Structure formats: C-alpha cells, structure tokens
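The values are calculated or read from the model by the stated rules, or taken from the named source; none is laboratory data. Keep in mind that what you see is a predicted model, and the values were worked out from it rather than measured. Here the Cβ positions follow ideal geometry from the backbone for every residue, glycine too, while neighbour counts run over all protein chains shown.
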Amino acid sequence: MARLLDSVGLTSMVDIHTHFMPNRVMDKVWAYFDAVGPLTGREWPIKYRLDEQARVAVLRSFGVTAFSSLVYPHKPDMAGWLNGWATQFAQLTPDCIHTATFYPEPGAPAYVQRAIDDGARLFKAHVQVGDYSPTDPLLEPVWDILERHRIPTVMHAGSGPAPGRFTGPEPVAEIMRRHPGLMLIIAHMGLPEYREFLDLA
C-alpha cells in the first residue's frame, strides 16, 4: 500500500468506508457475509476477521490516517445505542471519524441532533439492511438537520450484493430533489446501478 500511495504522490489517505461495531453486531454482519453465497452466486470471504485493535493497526499500517466506524441499524430502537457506542469508540480511537446513524422512527431527529452535538461528523444510512426507504416521512426532519449542518451521509442504496425493497437510484433522486444541499456519498458507487447513481451527481 505504501508503494501505491507513493506512486500517486501521497504519504497517507483517509478511508471513510470502514466498519467498526459492537462485537455482537459485527459477528452478525460477518455471519451474513459468510452465508451470502446463494444470494450473490459467489462466496464473500471476510479478509480481516480480527479484533478491533488489530483492524485499527492494519488500517494504520496501510497509511490510513483517518477512518470511520459506519455503524447502522436493522430495526427500530437500535440507532441510538449504536450512536452511543460509536461516540465512545471515537473517543478511544482519535483517528476514527466520529460516525453516527439513524432509522426512520419518531425519535430519530432528537438522537441525530444529539450525535451532532456530541461531535459526529459523518452518518451512515443502509437502506438495504434497514429495509426502509430514504423517502420515509419520518426521515424528513433528519435530512433537514443533516442538510443544515452540512454533514455527509454514506448511504448504501445500490442493489448489491442483493437487491432490497427500497434499493436503487429513484428514492435517492427524490430526497436529492427535496434537499438539494444534502451531502450524500453513495457507497460502493451504487453498484450495480453505478451509471444511474452517477447521473445524479
């Protein structure tokens, strides 16, 4: 990795798409990818199945000077405690960008604002795993808050590795129409719909 960075005149890099979660949540995510073969037609091996500190050390060895935790919920009443965990992780890991998340639920605006007040600089939305539409009315005040504070959201909205009920570019295009100042980073280039997502840029 150092050779690659040197070849483009860089000494370090920032990786905003890394995942650190509470152990029991991380174990479930890894179990999903261990079993994803029938959905994707291929295995999806976890290369860095290591504890937190070992994964942090790997990132640092690659020349990564800042990275994210990118926590995300799959059900209601989960985002708030994930945000609490992510706050503690960022406090203990200074090179981790303070990350937070949300879910379409009545309490979302309050805990999103609280996360921002606590220092969150990046949010994660996973519409495939969360099985929600980004156009859900419960998220309108969340998008308002994030747009007003100019805080980016990494959103998994593409239909890979397997499509969800709300994946694809159309819902994202709609919230971009409603919130033209919203900063979205479409994870994995929106694959497999990368052309359609690129048209939204």
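Points to keep in mind about this one:
The rows are residues; the columns are (1) of a type in the set (S, T, N, Q); (2) exposed (fewer than 14 other Cβ atoms within 10 Å of the Cβ); (3) part of a loop (DSSP other than H, G, I, E, B); (4) in contact with a Gly (Cβ under 9 Å, 6 or more places away or on another chain).
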{"residue": "148", "(1), (2), (3), (4)": "no, yes, no, yes"}
{"residue": "154", "(1), (2), (3), (4)": "no, no, no, no"}
{"residue": "159", "(1), (2), (3), (4)": "yes, no, yes, yes"}
{"residue": "172", "(1), (2), (3), (4)": "no, no, no, yes"}
{"residue": "176", "(1), (2), (3), (4)": "no, no, no, no"}
{"residue": "181", "(1), (2), (3), (4)": "no, yes, yes, no"}
{"residue": "199", "(1), (2), (3), (4)": "no, yes, no, no"}
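- Restricting the stretch 119-142 to residues that are of a type in the set (A, V, I, L, M, F, W, C) and either in contact with a helix residue (DSSP H, G or I) (Cβ under 8 Å, 6 or more places away or on another chain) or part of a loop (DSSP other than H, G, I, E, B) (or both) leaves a set whose member that is nearest to residue 163 (Cα to Cα) is 127.
- Selection status of residue 37, over 22 Å from residue 155 (Cα atoms), at pLDDT below 85 and in contact with a Phe, Trp or Tyr (Cβ under 9 Å, 6 or more places away or on another chain): yes
- Within the stretch 76-98, at least one residue is of a type in the set (A, V, I, L, M) and in a strand (DSSP E or B).
- Verdict on residue 24 being farther than 27 Å from residue 142 by Cβ, surrounded by fewer than 16 Cβ atoms within 10 Å (Cβ to Cβ), without any contact (Cβ under 8 Å) to a residue 60 or more places away in the chain and not hydrophobic (A, V, I, L, M, F, W, C): no
- Here is the figure for the stretch 124-136: residues that are surrounded by fewer than 20 Cβ atoms within 10 Å (Cβ to Cβ) and more than 16 Å from residue 170 (Cα to Cα) total 1.
- Positions within the stretch 105-157 being small (Gly, Ala, Ser) and touching a Phe, Trp or Tyr at 6+ places or on another chain (Cβ under 9 Å), in sequence order: 108, 115, 125, 130, 133, 157
- For beta carbons closer than 7 Å, sequence separation of 6+ or different chains, a first residue in the stretch 77-92 that is within 12 Å of residue 20 (Cα to Cα) and a second that is charged (D, E, K, R), the qualifying pairs are 87/118.
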